[in-house]
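Comments concern the structure below.
Derivation of every value follows stated rules applied to the coordinates shown; laboratory data play no part. Please read all numbers here as calculations on a predicted model, not as lab measurements. Neighbour counts are summed over all protein chains in view; Cβ atoms, including those assigned to glycine, are modelled from backbone coordinates with ideal geometry.
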Amino acid sequence: MLKASEHCCEEASPLSGSAYIPCNAPAVFMVKNRDPQPYRMCQACADHNVRNRGAKIIGPYKAEARPQKRGLQGIAAVKKRVKLKTEKDAAEAALKRITDEIAEIDPIVVEFFQRHGVDKETIDGVTVYLRRELWAGREENVDMPTACAALQEAGLPDYVEPRFNTNSLSAYARELDRQGTTIVEAHPALQGKIKISEVFKIGARG
Ligand SMILES: [Zn+2]
């Protein structure tokens, strides 16, 4: 005999003839009729049973909490962490090898395209193509402040952004930390402007 799907209405569908076919709409109520055990039913079947069959809604249908898949605990988590570190190292090494090889071969591909006057080639459904990119940069022998001043003068100040170097400032803050002070103690003008965050991460060696 057919059974209603999990969390679905167990009432017989109007399609049922001599054989029971479950309604299978999402169950929302537990309903008790003449049978000894209650049934889970959808809104429409519950209404129908209450109105026309003297059944009673005895409560909402709640999916039983399924047991949570237990995550790794304790030393098993540490072992898994070690295994993942090994896998990550191997994957990164493979990625680096592939990236290096691509960098080596790209100039040869560019040369081929230019020599044959084509800008793309499809092989086995994968297309490699020539991509035109423009990059703005400083003229030879022009330093950064000079280039920035020229941009300001040209009415393009939006492209000049003063910024600080997070890496070197963090390195300085670590140095001060080793000396037993903080960057704000050493430079009170930074109070309320620069913050030092402490984070704890897991390192792995091997
Ligand atoms: Zn139903």
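The long axis of helix 144-153 is offset from the longest Cα principal axis of the chain by roughly 80 degrees.
Against the chain, whose longest principal axis is taken from its Cα atoms, helix 74-116 shows a tilt of about 60°. Taking 1.002 mPa s as the viscosity and 20 °C as the temperature, the Stokes-Einstein diffusion coefficient of the chain based on its alpha-carbon Kirkwood radius rounds to 78 µm²/s. Normalised by residue number, the volume inside the convex hull of the Cα atoms of the stretch 144-187 is 90 Å³ per residue.
Computed over the stretch 1-63, the range of Cα coordinates on each principal axis works out to 27, 26, 21 Å, biggest value leading. For the chain, which longest stretch is free of loop sites, where a loop site is one of the chymotrypsin sites (Phe, Trp or Tyr not before Pro) that DSSP puts outside H, G, I, E and B and that has at most 10 other Cβ atoms within 10 Å? In the chain, the maximal stretch lacking such sites is 1-134.
Based on the reciprocal of the average 1/r between different C-alpha atoms, the Kirkwood radius for the stretch 74-129 equals 14.3 Å. What the phi angles of the stretch 165-182 give under the Karplus curve with 6.51, -1.76 and 1.60, with θ = phi - 60°, is a coupling list of 8, 4, 5, 6, 5, 5, 4, 5, 4, 5, 4, 4, 4, 4, 7, x, 9, 10 Hz, glycine and proline written as x. Computing FRET efficiency as 1/(1 + (r/R0)^6) for S197 and R131, where r is the C-beta to C-beta distance and R0 is 41 Å, gives about 0.60. Where in the chain lies the longest segment free of GluC sites (Glu not before Pro) that are both loop residues by DSSP (not H, G, I, E, B) and have at most 11 other Cβ atoms within 10 Å? Between the exposed loop sites, the longest stretch runs 65-132.
For the chain, C8, C45, C148 have no disulfide-compatible partner, since no other Cys C-beta lies under 4.7 Å from theirs. Here the chain is treated with +1 on each Lys and Arg Cβ and -1 on each Asp and Glu Cβ, and its dipole about the Cα centre works out to around 2040 debye. Per the Debye formula with a single identical scatterer at each Cα and no solvent contribution, what log10 I(q)/I(0) holds for the stretch 66-177 at q = 0.11, 0.13, 0.18 Å⁻¹? Debye curve over Cα of the stretch 66-177, log10 I(q)/I(0) at q = 0.11, 0.13, 0.18 Å⁻¹: -0.92, -1.01, -1.03.
With loop membership from DSSP and a limit of 15 other Cβ atoms within 10 Å, the longest segment of the chain without trypsin sites (Lys or Arg not before Pro) is 71-130.
Efficiency by 1/(1 + (r/R0)^6): what FRET value for A77 and R205, r their Cβ-Cβ distance, R0 = 25 Å, to the nearest 0.05? Calculated value: 0.90.
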